[in-house]
Amino acid sequence: MALYQTLTEGALQLFLYLFYAALIAFVVYCLYVRHIHKKYDHIPGPPRDNFLLGHIPTIRREMNQDSVIHDKFLQWAEEYGPVYRLNGFHSVTLVVTCPEAVKEFLMSPKYSKDPFVYRGLFSLFGKRFLGEGLLTSVNHDLWYKHRRIMDPAFSSSYLRGLMDTFNERAERLMEKLEEIAEKQTTAHMHHLLNCVTLGVICKVAFGVDLDLLQEHNSLFPNAIELCLQGMIYQARDPFFKYLPKNRKKVQEIKEAAELLRKTGAQWINERKRAVENGEDVPRDILTQILKTAEELKTDSEDDSELMLDNFVTFFIAGQETTANQLSFAIMALGRHPDILKRAKEEVDQVLGTKRDILYDDLGKLTYLSQVLKETLRLYPTAPGTSRWLHEDTVINGIKVPAGCGLSLSSYVSSRMEKFFKDPLKFDPERFHADATKPYFSYFPFALGPRSCLGQNFSQMEARVVLAKLLQRFEFTLLPGQSFNIKDTGTLRPQSGVLCKIRHCSQSMS
């Protein structure tokens, strides 16, 4: 009995000790949060929802309502000015829209990416995802080595050589659309374009021939979709993984990330064997990934993981944003018959009835290029980027202490009246050669040294696919569908762009 009483008293004392220790830690943390508030509260911003959570409840509420959180950021920018503050626990992020600051923070290499944002993509719920790849690397020296080695895979001479693949993959889409036109069924354009762009990146980047327009059992599209969902849940909802109702979704996301990395390991090993056997290999992204690991001289385990980081980065980034841009462009053209007519007239004038588009033809499709640029202004598929403030500075006359993140949003800037007249109007003339160019308020591929390496690749592919579509088919948008935006981390059309397709009467040569 005495022993039982002693053990009980000991357990109680331990409980009280842990309770008071936790209480003290919580009080100390609250004092630290209060210190952060005092440090940054001179900067304007919306009222916090909660002392500890800051603005997280509003962000979660917008997500749960399937709203585009960037519209809320735009609303706050109009209300609180070109520099405003957002809080979440002990962290602070400043949303910056003034062009001078955008120029400073994006064009200068001294500002690294926000480590809390990009290291958050290192893994998805504990499963390694983008790791230390080219997109997420915060260390400038490591990133520079990555970029220098990858550059040859995106040189103009190499991109010129991809025209045959762009044409061939776009032709597969045209054949699929012909089937749909003959059967008079509905074309789900976003799905079809996803299949095309994923097929392109597999072929030109990794030497793998996938025809996802015909192979309906491929696991890749669903895996990419799950990983994108995981990225946005992890970045915007710190409680998502802890809720019992989300356990199945979290597990599915982890399995999707593992599938992509296992696939990458298989394709990388196949390419390694080809190199070791002295076979001719293309100078594509996969070859450059192998070269990156060799030149960085990491140990074998890090070597393999780094290669997989870059594989997953290019696998996802190489198809998702291009498919979304093309989907938005088709949606916009379908809603603006006059712009569609002018774009089609240009395509007919430049291409006539020839089947294959040449590299030199792309430069002649000036209005089509304006359409694609305006699409990215109104619907930037990658809405923004971030930087980290390492030292005290002044932004738009406001003193900002070091130690906070900076959010630079092309979506927000491009929809502000002070930068673009009548900003919600779709008007390709904004990008006419003689038009006044926006000053650091349009950056769908970011700017400066950390701008998107694949932007020329992406826009070449987009012009080929869209030009062939306008050359071969007439389309109308199905009535009743939504033209809203779906925010999945990247932005895409909510209804997927449902179209009725009719084949043009002209013959092809």
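Taken together, the values in this text are just the output of simple stated rules run on the coordinates, not laboratory data. Computed from a prediction, not measured in an experiment: that's the story for all the values here. Virtual Cβ from ideal backbone geometry, glycine too; neighbours counted across all protein chains shown.
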Per DSSP, the loop-located chymotrypsin sites (Phe, Trp or Tyr not before Pro) within the stretch 234-283 having at most 11 other beta carbons within 10 Å are PHE239
Taking only the Cα positions of the stretch 238-334, the convex hull volume per residue in Å³ is 172
Given 246-258, 475-487, the highest-first ranking by average Cβ count within 10 Å works out to 246-258, 475-487
Kirkwood Rh over alpha-carbon pairs of the stretch 39-127 plugged into Stokes-Einstein at 10 °C, 1.306 mPa s gives a D in µm²/s of 108
If the label point sits 7 Å along Cα→Cβ of LYS364, residues of the stretch 314-352 with amide N under 18 Å come out as 342-352
Lys and Arg at +1, Asp and Glu at -1: neighbours of PRO479 with Cβ under 14 Å from its Cβ sum to +2
Mean separation of Cα contacts under 8 Å (at least 6 apart) over the residue count of the chain, i.e. the relative contact order in percent, is 22
Computed Rg/Rh for the stretch 288-409 (Cα atoms; Rh = Kirkwood radius) stands at 1.15
For the stretch 131-136, Karplus-derived ³J(HN,Hα) couplings (6.51, -1.76, 1.60; θ = phi - 60°; whole Hz; x for glycine and proline) come out as x, 9, x, 4, 6, 9
Counting sequence-distant residues (5 or more places) and residues on other chains, those with an amide H built under 5 Å from that of CYS404 are LEU389
Checked the stretch 45-85 against the a/c 1.5 cut and the a/b vs b/c comparison, axes a ≥ b ≥ c from its Cα gyration tensor; verdict oblate
The extension gain from ASP141 to LEU52, computed as 0.36 nm times the residue separation minus the Cα-Cα distance, is 28.5 nm
Rounded to the angstrom and largest first, Cα extents along the principal axes for the stretch 411-462 equal 31, 20, 19
Taking Cα pairs closer than 8 Å and at least 6 residues apart, the relative contact order of the stretch 286-424 in percent is 17
The stretch 157-237 -> Rg/Rh from Cα coords, Kirkwood Rh, value 1.05
Residue by residue through the stretch 250-256, the couplings from Karplus 6.51 cos²θ - 1.76 cosθ + 1.60 with θ = phi - 60°, in Hz, x for Gly and Pro, are 4, 5, 4, 5, 4, 5, 5
Averaging 1/r across every pair of distinct alpha carbons in the stretch 126-179 and inverting yields a Kirkwood hydrodynamic radius, in angstrom, of 14.2
So for the stretch 332-385, using the alpha carbon gyration tensor with a ≥ b ≥ c as root eigenvalues (a/c under 1.5 gives rounded; past that, a/b versus b/c decides prolate or oblate), I'd call it oblate
Sorted by chain and then number, the residues having a modelled amide H within less than 5 Å of the amide H of LEU124, at least 5 places away or on another chain, are PHE129
Counting Lys and Arg as +1 and Asp and Glu as -1 over every other residue whose Cβ sits under 11 Å from the Cβ of SER441, the net charge comes to +4
Log10 I(q)/I(0) at q = 0.11, 0.13, 0.16, 0.22 Å⁻¹ for the stretch 169-288, from Debye over equal alpha-carbon scatterers, is -0.54, -0.71, -0.92, -1.18
What helix-only [θ] at 222 nm does the chain give? Using -39500 (n - 2.57) per DSSP H run of at least 4, over all residues, to the nearest 500, the answer is -18000 deg cm²/dmol
Once Lys and Arg are counted +1 and Asp and Glu -1 for all other residues with Cβ under 13 Å from that of SER413, the total becomes +1
In Å³ per residue, the alpha-carbon convex hull of the chain encloses 193
Computed ³J(HN,Hα) along the stretch 343-360: with the Karplus parameters 6.51/-1.76/1.60, θ = phi - 60°, integer Hz and x for glycine or proline, the list is 5, 5, 4, 5, 4, 4, 5, 7, 9, x, 10, 6, 7, 8, 8, 8, 4, 5
Sorted by chain and number, the residues with a modelled amide H under 5 Å from that of GLY384, at a separation of 5 or more or across chains, are SER410
Hull volume per residue for the stretch 342-470, using the convex hull of the C-alpha atoms, in Å³ is 125
